[in-house]
1. Hey, could you pull the Cα Rg and Dmax for the chain, both in Å?
2. Does anyone have the angle between helix 59-77 and the longest principal axis of the chain? Alpha-carbon axes, 0 to 90°, nearest 10?
3. Considering Cα pairs under 8 angstrom that are at least six residues apart, work out the relative contact order of the chain and quote it in whole percent.
4. Sorting D110, D104 on the 10 Å Cβ count, fewest up front, what's the list?
5. Kindly provide the helix-only [θ] at 222 nm of the chain, computed as the sum of -39,500 (n - 2.57) over DSSP H runs of four or more divided by all residues, to the nearest 500 deg cm²/dmol?
6. Just to check I understand the Karplus step: with θ = phi - 60° and J = 6.51 cos²θ - 1.76 cosθ + 1.60, what whole-Hz values come out for region 9-24, glycine and proline as x?
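Only the coordinates and a few stated rules stand behind these numbers; no lab work does. If you're wondering where the values come from, they're calculated on a predicted model, not measured in any experiment. Positions of Cβ are generated from backbone atoms using ideal geometry, with glycine treated the same way; all protein chains shown enter the neighbour counts.
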Amino acid sequence: MRNTEALLALFAEHRVQATWFVLGEVAEAFPGVVRAIAAAGHELGVHGFHHHRLFQLTPAAFRASIQRAKAVVEQAAGQRVLGHRAVAFSLSASTWWAVEILVDLGFEYDSSVFPFRGTQYGLPRAPLTPYRVDTAQGSLTEVPLPVLDFGPLRLPCGGGVSATLSAVVHAMGDPEP
Ligand SMILES: [Zn+2]
């Protein structure tokens, strides 16, 4: 895992602390990598067990996958996992049921919502700053992905080139704010 070593060195050089959302299957195959990330002072989060988008899973399958991933990452990292990032930012209106499951599994925050209009993902009217989400199981904090807000046009600026392009195409073709 030379890429991870290179990133850890770069972060150490610039004294940057990050949250690493890792897949359960990766943590299971390479627990030493997760241990090294934690030992360098970073936070570990969960990114699913396999790389499945939420809408590919039933709620029961999502629960089982996240529970297993959380246990594997916590075991490898030796720290409690508090955060989740959905694969491909696939937490949107149709997969919102996932939030209650995350709360029930002990997650304190989620960072999966891209507050813009994407073709594959996005919640175009969601807040741009962290907010509480209440469910029947309790609440968690949603930490949205960064977007640049130009009034009617919101562009993602935290990754996702195709997302940016689709946002531009949508903004040009759809006058709805
Ligand atoms: Zn991913």
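1. My reading of the Cα-based Rg and Dmax gives 16.8, 50 Å.
2. 40 degrees
3. Values: 323 pairs, mean separation 27.0, N = 177.
Reported as a whole number, the value is 15 percent.
4. Values: D110 23, D104 15.
Ranked by crowding around the Cβ, least crowded first: D104, D110.
5. Details: 6 runs with 66 residues, N = 177.
Calculated mean residue ellipticity at 222 nm is -11500 deg cm²/dmol.
6. 5, 5, 5, 5, 4, 9, 6, 9, 9, 10, 10, 9, 8, 10, 7, x
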